[in-house]
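The values are calculated or read from the model by the stated rules, or taken from the named source; none is laboratory data. This is a predicted model, so every value here is computed, not measured. Every residue, glycine as well, gets a Cβ built from its backbone with ideal geometry; the counts of neighbours run over all protein chains shown.
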Amino acid sequence: MKKIFLYSSIVLTAFVSSCREIDDNISPNNVDPSEISPRQTLTAAQNLVMTAQAGTLNSLSNVWTNTWAGNYYYFGNPLTREYSLDISNTFGAGIWTSSYTAANNLQGIIDKGAGLPLHSAIARILKAYQLQYVVDFYGDAPYSEAFKGQSNLTPRYDDDAAIYRSLVEEINKAIADINATTQNGDNVVTPQEDVIFGGDMDNWEKFAKNVKLKILLRQSKVTDPAVRAFVDAQLQTLATGNTADFYLGDVIINPGYSNKNSATPNPLFSNYGAVNFQGSALNTNGWRLYKAAQYYANSVNGTLYGSATGDYRGSQMFRRATSSASPAPQAPSSVVGIKQGGAKPAGSTEWQYSFLGWKFIGTTFNEKLPVATPPSPNPDQGNQAIYAMIFQGDTSGGAYIAEVGAAMDGYLALGSENKLLLAEAATLYPSIFTFSAQSAYNSAVADSFDFYGLLPARATNYLAALNNTTVGWAGAPNKIAAIQYQRFASLANLRQVETYINFLKTGYPAIPNAENAIYPNKPYRLIYPISEYTGNSANVPNVSQAQVFVKNQFTPFWNQN
């Protein structure tokens, strides 16, 4: 972890200097991070969390849920290791590195936040939010001795169950501090400092409960008596019959994303958008690298589970190229995907398959808004003339797409994701969460349709038709299977990490491997990055490739049963 601790403060300082003025008594030419107040660092730390979520964590989850496929028409042999499951200590390291970079900066706020308990509370919540994924992808990890900077460059590894417990305790401390702090004078978080909830501590407390609930639900299969007792006791602290006790909407972050320069776009758009910032050059390593995978496409276009499952969200998330814009959403049947690891069909072209859509291509038609011609400068004021995407390399609309896409919001959770979490809670623990699981599920689907600009009637009709299929609330083998299918359908592109981790736990939906996979199942974890084996060799567990594909002592504790 040596490299993380050496450079994370540099990254933070650079971001802070571009977002907020430094205290007057600190030289802007030689900033000592230890002298920077949490007031100046909170925005940067929040953005580092979004950056971590938008990187390898997101792309790998979309590939391993068979949502994305590589564009083998433009790239010779894309996603070879992701498809084949050739996991090693050089694979997926971005998840580890970006998570610890974000957590290290959040810990800095906590360490310096004794006089600013609300800032510290926000940092604790986000630290728990991000480090949960480290446990989910790696199991045991540095925690109690981590974040010490130069004083400890080789931290020991903590038991993953103990880390999960500590994360819950961090959230409990954050909630207690929020409730104990009177918001006045210095004890106020301003909208300029908090680019997620604008300093609304009621929303932070509700979101803290979401994160705590997610950590606890991950452990629903654990049978260890000590872990079980802690989880059961903590679930009781969240007991309610009212879903409004949790945060139900989208968790949005936007510190001022724009196409001003290469550092300012939303990291999701930088990674996966159609064009590069400020110009019309195609983002070939983002938007053109990834296409809809056949499994996801066939799930939402009505092929795999029957025509009743045709899902208009799919054609908003993934768009076919057209030579002219059409002021209407594309039909679900228009979603066409590439088979992961399959052979290229003879005579086919890349334009027959769906690209990433929605804001990654500038804008997607919104049924709830009027058509605006010529394009409105504000995408929320009406639909744009550029509905489809760049057609076969035509970049004439690139500057406009860059302007809209670079400024898009980031999402740390979607409203549909939050409501599906509550549906899961009420399904697994109905005596603790006494609200209706089905109502939360229905509300999640309606929320997702609304998020993608579709009329409420489409969600109503979809839910009614879905009930007669094996992935609907009434027709699925169990309610968790129905919830998981909606995670899969709803969270594509933005938050598919939750689908993947829960797939490892539940086996739903029945996601196939790529045709060229060398193992019969997805890995239950990743191998620690090579930086740990070279810089922290005395502490890092030695995990082999074969061991990540079977359940054993190295599997994250919540999935060992």
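Side notes on the structure shown:
- Among the residues making up the range 101-142, those that are of a type in the set (Ser, Thr, Tyr) and under 16 Å from the mean Cα position of the chain (by Cα) are Tyr129, Tyr133.
- Lone unmet requirement of (1) more than 25 Å from Met408 (Cα to Cα); (2) at pLDDT 95 or above; (3) not in a helix (DSSP H, G or I) for Asn493: (1)
- The range 34-66, residues that are among the polar types (S, T, N, Q), outside any helix (DSSP H, G or I) and over 14 Å from the mean Cα position of the chain (by Cα): Ser37, Asn66
For (1) at positive phi; (2) touching a Ser or Thr at 6+ places or on another chain (Cβ under 9 Å); (3) buried (at least 20 other Cβ atoms within 10 Å of the Cβ), each residue gets a yes or a no:
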| residue | (1), (2), (3) |
| --- | --- |
| Gly198 | yes, yes, no |
| Val211 | no, no, yes |
| Arg218 | no, no, yes |
| Val222 | no, no, no |
| Val231 | no, yes, yes |
| Asp245 | no, no, no |
| Ile253 | no, no, yes |
| Ser299 | no, yes, yes |
| Gly302 | yes, yes, yes |
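- Inside the range 339-376, residues that are at pLDDT 95 or above and in contact with a helix residue (DSSP H, G or I) (Cβ under 6 Å, 6 or more places away or on another chain) make up a count of 3.
Here is a yes/no grid of residues against (1) within 20 Å of Gln496 (Cβ to Cβ); (2) at pLDDT below 95; (3) touching a Pro at 6+ places or on another chain (Cβ under 6 Å); (4) assigned to a loop (DSSP other than H, G, I, E, B):
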position: Leu412; (1), (2), (3), (4): yes, no, no, no
position: Ala423; (1), (2), (3), (4): yes, no, no, no
position: Thr427; (1), (2), (3), (4): no, no, no, no
position: Ser431; (1), (2), (3), (4): no, no, no, yes
position: Arg458; (1), (2), (3), (4): no, no, no, no
position: Tyr462; (1), (2), (3), (4): yes, no, no, no
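- Some residue of the range 253-262 being closer than 19 Å to Asn66 by Cβ and at pLDDT 90 or above: no
- Residue within the range 38-52 that is closer than 21 Å to Ile122 by Cα, modelled with pLDDT under 95 and either surrounded by fewer than 19 Cβ atoms within 10 Å (Cβ to Cβ) or among the charged types (D, E, K, R) (or both) present: yes
- Every condition in (1) touching a residue at least 40 places away in the same chain (Cβ under 8 Å); (2) surrounded by 21 or more Cβ atoms within 10 Å (Cβ to Cβ); (3) under 30 Å from Trp351 (Cβ atoms) holds for Asn283 except the one numbered (1).
- In the range 58-76, the qualifying residues are those that are in contact with a Lys or Arg (Cβ under 6 Å, 6 or more places away or on another chain) and crowded, with 22+ Cβ neighbours inside 10 Å, and the one that is farthest from Asn298 (Cα to Cα) is Trp64.
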